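The block underneath contains the structure these notes are about, expressed in structure tokens.
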Amino acid sequence: MCFTSNFWSLTIDGLNNGFLYALIALGYTLVYGVLQLINFAHSEVFMSGGFAGLFLTQWWLGANGSAHGAESVFVVVAGVIIGGLAGGSVAFLLERVAYRPLRRRNAPRLAFLITAIGASYFLFSLAGHLFGRDSQSVPQLYDNKQVFTVFGAGVHVYDLVVAVSAILMMLLLDRVVAHSRLGQGIRAVAQDAETASLLGVNIDRVISQTFIIGGLLGGAAGFLFGIGNSVSYTMGFVPGLKAFTAAVLGGIGNIRGAMLGGIVLGLVENWGVTCVRNSWRDVIAFGILVLILMFRPTGLLGERLGRSA
Amino acid sequence: MTATSDISRPIGLSRTRQLLTHPTVRSFTTFVALGVVAAIVTGPQGRTGDPTYSISKALQPGHLFLWIGIALAFWLVLVAWLAVRGQVRAVVAGPRQQVRTVWGISYVRWVFYIVLIVLAVLIPREFFGEYWQEVTVTSIGIYALLAIGLNVVVGFAGLLDLGYIAFYAIGAYATAYFTGTLPVQPPFTINPFFALPIAVVACMIAGFILGAPTLRLRGDYLAIVTLGFGELITILAINLDSITNGSRGAFGIPAFTIHLGPIHYEWGLDILPYYYLLLIFIVLIYWLFHRLENSRVGRAWTAVREDEVAAQACGIPPVKYKLLAFAIGASTSGFAGVLYASKNSFINPSIFTVNRSILVLVLVIFGGMGSLAGSIVGAIVVQGFFALVLKNNWFDPADIYMYVGAVLIGMMIFRPQGIIPSKRRAREIGLAERGLGSADALAAPAGSPTS
Amino acid sequence: MTADNAGARVLVDVDNITLRFGGVTSLDGVSLRQHEHEILSVIGPNGAGKTSLFNCLTGVYVPQEGSITFTAADGVAHPLVEMKPHNVTLLGIARTFQNIRLFNALTAFENVKIGVEAHQRTGPVGAMLHLPRMRREERDGDERTFELLDFVGLRARANELSASLPYGAQRRLEIARALGTSPKLLLLDEPAAGTNPAEKRDLEQLIRRINDEMGVTVLLIEHDMRLVMSVTHRVVVLNFGRVIAEGVPADVQRNPAVVEAYLGAPGEGDSDAAAG
């Protein structure tokens, strides 16, 4: 088969992409859970994290600088945190400025979707306007050497950075959702917003916080993505669409589903791209999207939609 | 009961908080914020590698205060309007009713439309220079046609098709193919006029193929799937080199010609004949779709859009009608594609991007969802504005999508029914905001398992 | 205990329907038969499965077990399970909804017209070109719509927005719209809910007229016992998804199982009367 020759190396790359997709997908799924809205502009939240991390590392190391040893660790962690904070802020503003007024007015669902599209276009064009339209590279944050091998395929520092960051964040999220008051609030609003508010849950605050959490994860993913690829104002569109596919694949509204969906998508896409020409890479994800929506729209783990009819 | 209860003040709210949440103060701060955003948006283009350049220049006091000033000017106008709104409405009510009565007389409407058409014919010829004539055909005319077609899908049937431009591409490439300008040669070549029915049929089929498996999905999923489809067509156009000539595109597509008995006419380099042809098609299609709207089909679309379950109870098969709308929209788009390909004689994949789909959507939303007249007006206003901007270089063309996005957000927040609303749509939105109905096909279908 | 419709044709045969949602069994082995021209009422406490039964009849829910057969005048038996809702309507079964589902932004006239257009054949081509069939159907449709509005007493309000009509009028409008589809069987889901006594009396009359003058068979879900007793020929009682009694209204009223279902067993504390 076309992908068996390089299987393990493809798998490692696939996991790498998969972790990133998972982080972004969580943002989509969380927001969909509480608002039944596809936050189209989440791809720009991802992008803003990329830019924030980029600027931080450029400022700290100089555009052509590099870091080694302990400084590497510091810069990477700082970048992830700053990227996350940027994402969280953009997500927060998005909710406040674009979606809340519509919620106040009980606008029809189509309006939310259209506003989301508008926000997405506004944000990425703004980034292009403010920061230039060329793509930029993140300075070298570490020496990307091979750390160990798995069945002959090399695992590099980058793979570990992504894996560790992603797993830590997902564990943290799982903990927060399952055991904290905030998490309780999110689950309550996702199940039945009206009852939740009658029981004293502050819907507005929960929704805000949900956006922020999704934004933290998406922004962090943006920086992580930027390290291994590049940062540009259009970087959000394709990963965003693929992450949404992952969220649907796992079951929209289902947090564990988004994590699973991201990883599955990353793996399948990477295995699959060896079977077709490289320029058809994106088609694989779209193909999965269409197939899932046609044959199992509730996703692998089943969707957890918010309100009952 | 406390001895000293100050019932004049709500419990717990400090004076400062009250002040900050007062409506006028809130609108003031909102407009100041809008001014700041406008200043940032109108700043100089950023420089790669110098992230603070654009913002720091944009926030220079002169520039910043200028835009805050402009925003506050709007704010004052708004405050003034809110103050006199009631009186103005009272004064206008009488004449408004008179206008309505006059409009009710059918020959008045006919005269109005005829005058409009005459103006439409004369103005570009007499008053426009070359640039504006070109704009009228390519940017406004073609896009008006596209907007009318998309309005059937979005406005009448309530479906969000984000890959709409894909059908435009199919129509254009079909024209290129059948006139022999693609690497793959057709079994016979034709006059581009005959590409019109071919494109319509091809797009209907494509619409059915895309729609049949996807139209039963929830509205937001449909939007994403159509987005993916649009992207897919762009990828195909660029990558299927041997068929589509890849990113180089197709050249030398012949212009329309008519050789019918005694009538011989060739469209050539002169732009105005294309304009007249386009005008005829727009009027024709507008008229046909208007009839469609006020027929059994149009009512079925409205029923499906408002309440799919109730529509089914009235014997209306939702999927069939959604497919119909989709196919009609698709064929209109393909039709426009043929016109464009033949007029421009050159096409390439860069014109058929998802961004263009969104642009058409903006025209529909701005003009008014469900309002055919609105689509035309939307095309004129929005495209006209962008053409003006491009000509005078008021801002960098690459920034256009910032404004597109801002318009979408603004319209949804302030005037979701568009500038020339369809009456039904305005009613639906108003009712939805009061909790009655959901005004579109996006709400989750009901069916609660209770007795 | 049986109706005096022994000679009439069976229109709908519900045979041993079981409907489950996850762990909840909404209908458990429910069987009933409705004869042509009969007015049959389904009553029972809240949660008994009445609307679920309607939803099974109209194809909204698919029961896991059992079958439902609709036999038209030509003798052809149509299985209703798994039929799509719009096809059920086109077959001749119309319904109203517990929560009134009118097309809010349309006028009363437009609402009914949509119902009337159910069986028409005009398509997009006919509509765009104003073909003769389209024009004929428009005329006939308008005429029939006015007739139906007259029938329910809403002629004068034809051009009002349905959302702005008073509650009782909305109910009647929904019935008119359902009648527009020329049904053989009309399912009414709690038509008297939320109406005042005068409106209830009008409703009684309307139902009788639908049955007598239009010859439409009626299947009614109701809580209002007076209405049930006065118009119904036969009653079926559901509780916890099962049929617990069946027969002529007077008999069912006295049936101890029914009394217990509504009021609780003798000796139990509070009454949960849904009657009257």
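The values are calculated or read from the model by the stated rules, or taken from the named source; none is laboratory data. Just so we're clear, the structure is a prediction, and the values are computed from it rather than from any experiment. Positions of Cβ are backbone-derived with ideal geometry, glycine not excepted, and every protein chain shown enters the neighbour counts.
Observations on the structure shown:
- Scanning segment B:210-239 for residues that are in a loop (DSSP other than H, G, I, E, B) and under 17 Å from B:PHE167 (Cα atoms) yields a single hit, B:LEU215.
- B:VAL389 more than 11 Å from chain A (Cβ to nearest Cβ), β-branched (Val, Ile, Thr) and over 17 Å from B:ASN151 (Cβ atoms): yes
- Scan of segment B:76-103 for residues that are over 30 Å from B:GLY35 (Cβ atoms) and either over 28 Å from the mean Cα position of the chain (by Cα) or touching a residue at least 24 places away in the same chain (Cβ under 8 Å) (or both), ordered by number: B:ALA90, B:VAL91, B:VAL92, B:ALA93, B:GLY94, B:PRO95, B:ARG96, B:GLN97, B:GLN98, B:VAL99, B:THR101, B:VAL102
- The one condition in (1) part of a helix (DSSP H, G or I); (2) facing chain B (nearest Cβ under 9 Å); (3) among the small types (Gly, Ala, Ser) that C:ALA94 fails to fulfil: (1)
- Filter result for A:GLU95 (free of Cβ contacts under 8 Å to residues at least 12 places away in the same chain, of a type in the set (D, E, K, R) and either touching a helix residue (DSSP H, G or I) at 6+ places or on another chain (Cβ under 8 Å) or in a helix (DSSP H, G or I) (or both)): no
- Considering only residues in segment C:172-202 that are within 18 Å of C:ARG157 (Cα to Cα) and away from chain B (no Cβ under 14 Å), the one that is nearest to the chain's Cα centre (by Cα) turns out to be C:ARG172.
- Residues of segment B:226-250 that are of a type outside the set (S, T, N, Q), touching a residue at least 40 places away in the same chain (Cβ under 8 Å) and either out of contact with any helix residue (DSSP H, G or I) (no Cβ under 9 Å at 6 or more places or on another chain) or within 21 Å of A:PHE237 (Cβ to Cβ) (or both): B:LEU227, B:GLY228, B:PHE229, B:GLY230, B:GLU231, B:LEU232, B:ILE233, B:ALA237, B:ILE238.
- Residues that are at positive phi and facing chain B (nearest Cβ under 10 Å) within segment C:20-61 comprise C:GLY22, C:GLY44, C:GLY47, C:GLY49, C:GLY59, listed in sequence order.
- Search result, residues across segment B:354-406 that are surrounded by fewer than 16 Cβ atoms within 10 Å (Cβ to Cβ), closer than 19 Å to B:GLY141 by Cα and free of Cβ contacts under 8 Å to residues at least 12 places away in the same chain: B:PHE385, B:LEU388
- Filter result (buried (at least 24 other Cβ atoms within 10 Å of the Cβ) and among the aliphatic types (A, V, I, L, M)) within segment B:311-323: B:ALA311, B:ALA313, B:ILE316
Each row is one residue, and each column tells you yes or no for (1) touching an Asp or Glu at 6+ places or on another chain (Cβ under 7 Å); (2) more than 30 Å from B:LEU408 (Cα to Cα); (3) surrounded by 19 or more Cβ atoms within 10 Å (Cβ to Cβ); (4) at pLDDT 90 or above.
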position: A:VAL34; (1), (2), (3), (4): no, no, yes, no
position: A:HIS42; (1), (2), (3), (4): no, no, yes, yes
position: A:TRP60; (1), (2), (3), (4): no, yes, no, no
position: A:VAL80; (1), (2), (3), (4): no, yes, yes, yes
position: A:GLY83; (1), (2), (3), (4): no, no, yes, yes
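- Only one of the numbered conditions (1) under 26 Å from A:CYS2 (Cα atoms); (2) more than 14 Å from chain B (Cβ to nearest Cβ); (3) surrounded by fewer than 23 Cβ atoms within 10 Å (Cβ to Cβ) is not met by A:ASN270, and that is (3).
- Helices (runs of 4 or more DSSP H) completely within segment A:113-230 that count 3 or more residues being in contact (Cβ under 8 Å) with a residue 24 or more places away in the chain and either over 21 Å from A:ALA86 (Cβ atoms) or more than 14 Å from chain B (Cβ to nearest Cβ) (or both): A:157-179, A:181-191, A:203-228
- Residue that is surrounded by the most Cβ atoms within 10 Å (Cβ to Cβ), among those in segment B:133-154 that are in contact with a Ser or Thr (Cβ under 7 Å, 6 or more places away or on another chain) and small (Gly, Ala, Ser): B:ALA147
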